Amino acid sequence: MRIDRLLVVDDDNALRRMVVDYLGSQNYTALGTRSIQQAMEALRNDAFDVVIADLRLEDGSGLDLLRELKQIAPRSYGILMTGHATMDTAVEAIRIGVFDYLIKPVLPAQIDLVLQRLESVRQLQSENSYLRQQQQPDNDSGVIWGKSGLMQDILEMVKKVAQTHATVLIQGESGTGKEVVAHAIVQQSPRAQMPFIKVNCAAVPETLLESEFFGHEKGAFTGAVQRREGRFETANGGTLLLDEIAEIPLSLQVKLLRVLQEREFERVGGNKTVHVDVRLIASTNRDLQEEVRQGRFREDLFYRLNVVPINLPPLRLRGDDLRDLVDYYVSHFGRKHGKTVMGVSPRSMELLQAYRWPGNVRELQNTLERAVIMAAQNGPVEVPEFGLTERSGPAGFNVADKLPTVDEMERRLIGCMLLQTSNNKTRAAEKLGISLRTLRNKLRAYRAAGFDTAHPEMWAK
């Protein structure tokens, strides 16, 4: 992880200027002070990645300064400069967490070596921290498991795209497992051991979203008391998931487009260009093509994101996957809660299969966990009927909704059949009882009306 700001503390004016000038020539931002008092004032007013302090200063010991540094700026690193190294000094320096020594007379090669080691350590610490916090998805890993042809195609696509660095756009209704698919891509990718950072664009206030993405400099806005790295910077070398990407404003979409094109940006309130190597995965529960048509999403950004599209089907269109998922989650939640259960009762399975599942797999998880908790030990799992009041009608429409037109029903029926046959038009036409030519004519008309016929899961609802 790139070091940016350094504070050099030495009462030798010539040496201090030499170190500051050399750091500036290497594209670091460096400030020099001659005393502990001046250094403390600088630390109170700004954030520094590294403090390089002489052992002997005009108003005290550099060790005292670096000891205080750990209290006021625990994320900063201390480096000691000295021409008077002793065993006692070395032991004390290690005890207070000093990163390394620079032996006087200080040479540029020494500075380079120490900072290279420090950047490597910071990168490893950042990776370990994020891996511990975010290695596992919030939902259970079984969400993307399925035997249906549609899900097998998606799993195969995940396996292929994971080995690349391509941008991925995951679309699907809420609860279909978009974040879990993103985790699966990362875990099978060459970046699996690098940071995986997630941003829910809908959960961040619009006024703070740019700072969340790109970071900010001290004083960039009210409350910006110190410099802060954004999510693109912390994900450097790894993967960034932008969830609910349709929620970002048009003004920020322009800047996001530049990052995707150039892999560079400036922090809010700054003018220094930051370069990053980040693999981007975006997800949304909206139809981004429709958002483009409505003028709410930039067309050029859509095409930048849509390099590899993955469209997750709603649970109601996954056929026999429902029964397999029920068996999986009943077993999973039985182990989780220490319950031995006999599976779902036949009546409850009928209820589960008749239900439309507007909340998709996430709703199925919640329903089954609640039912397992309430089930008797060694008894069957019963799902209460009152909890599943919204039933499915033919071709996946809700009988409580306004009834669709004949044309809409025909389109949904064709879409559902294409999903069941993994988009095999010949088999779909046979099952529908129409000719292949008729099916092709229908699809041509749907395309002309603006439907993405390559992805029927987006309109077979």
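Derivation of every value follows stated rules applied to the coordinates shown; laboratory data play no part. Not measured: the values here are computed from a predicted model. Heads up, the Cβs are rebuilt from the backbone with ideal geometry, glycines too, and the neighbour counts pull from every protein chain shown.
Points worth noting:
- The simple Förster model, with R0 at 60 Å and r as the Cβ-Cβ distance, assigns GLU264 and ARG95 a FRET efficiency of 0.90.
- Kirkwood Rh and Cα Rg combined as Rg/Rh, region 37-78: 0.92
- Other residues within the sphere of radius under 9 Å centred on the Cβ of LEU419, judged by their own Cβ, net out at 0 (K and R +1, D and E -1).
- If the chain linking ALA449 and GLN26 were pulled fully straight, counting 0.36 nm for each residue of separation and taking away their Cα-Cα distance, it would gain 146.6 nm.
- Amide H to amide H distances under 5 Å link LEU102 with LEU80, MET81, THR82, where only residues 5 or more positions off or on other chains count and H is placed in the peptide plane.
- Theoretical FRET efficiency, 1/(1+(r/R0)^6), r = Cβ-Cβ of GLN37 and GLN110, R0 25 Å, to 0.05: 0.40
- Estimated inter-spin distance, ASN306 and ARG323, nm [label 7 Å along Cα→Cβ]: 3.7
- Modelled spin labels at LEU155 and THR405, positioned 7 Å past Cα toward Cβ, are 4.0 nm from each other.
- log10 of Debye I(q)/I(0), alpha-carbon scatterers only, for region 141-311 at 0.09, 0.10, 0.16, 0.19 Å⁻¹: -0.31, -0.38, -0.95, -1.28
- Subtracting the Cα-Cα distance of ILE373 and ARG286 from 0.36 nm times their residue separation leaves 27.9 nm of extension gain.
- Relative to the dominant Cα principal axis of the chain, helix 436-448 is inclined by about 50°.
- In this label model, HIS165 and GLN193 are separated by 1.8 nm, measuring between points 7 Å along each Cα→Cβ vector.
- Amide proton proximity set for ALA220, modelled H, under 5 Å, gap of 5+: none
- Sorted by Cβ neighbour density within 10 Å, fewest at the top, the residues ASP21, ASP4, ASP49: ASP21, ASP4, ASP49
- For region 315-392: relative contact order, % (alpha-carbon pairs under 8 angstrom, 6 or more apart): 39
- In region 1-120, the DSSP beta bridges split such that about 10 percent are antiparallel, to the nearest 5.
- Only helices enter this figure: runs of n ≥ 4 DSSP H residues, each worth -39500 (n - 2.57), summed and divided by the residues of the chain, yield -14000 deg cm²/dmol at 222 nm to the nearest 500.
- With R₀ set to 45 Å, the beta-carbon distance separating SER331 from ASP277 gives a calculated FRET efficiency near 0.65.
- Between LEU312 and GLN171, GLY172, the built amide H atoms are under 5 Å apart, and every one of these is 5 or more places off in sequence or on another chain.
- Quarter of the Cα convex hull surface for region 315-392, i.e. its orientation-mean projected area (nm²): 4.4
- Ranked for footprinting exposure by Cβ neighbours inside 10 Å, fewest first, ARG440, ARG279, ARG298 give ARG440, ARG298, ARG279.
- Dipole magnitude of the chain about its Cα centre (Cβ charges: Lys, Arg +1; Asp, Glu -1), debye to nearest 20: 1520
- Converting phi to 3J(HN,Hα) with the Karplus coefficients 6.51, -1.76 and 1.60 and the offset θ = phi - 60°, region 373-383 yields 4, 7, 5, 6, 4, 6, x, x, 8, 10, 9 Hz in sequence order, with x at every glycine or proline.
- Contact order normalised by residue count of region 5-131, Cα under 8 Å, 6+ apart, percent: 20
- Cα Rg, Dmax (largest Cα-Cα span) when computed across the chain, Å: 29.0, 93
- Neighbour-count ranking [beta-carbon atoms within 10 angstrom, fewest first] of VAL292, VAL168, VAL372: VAL292, VAL372, VAL168
- Expressed as a whole percent, the proportion of Cα-Cα pairs in region 406-458 lying more than 12 Å apart is 61%.
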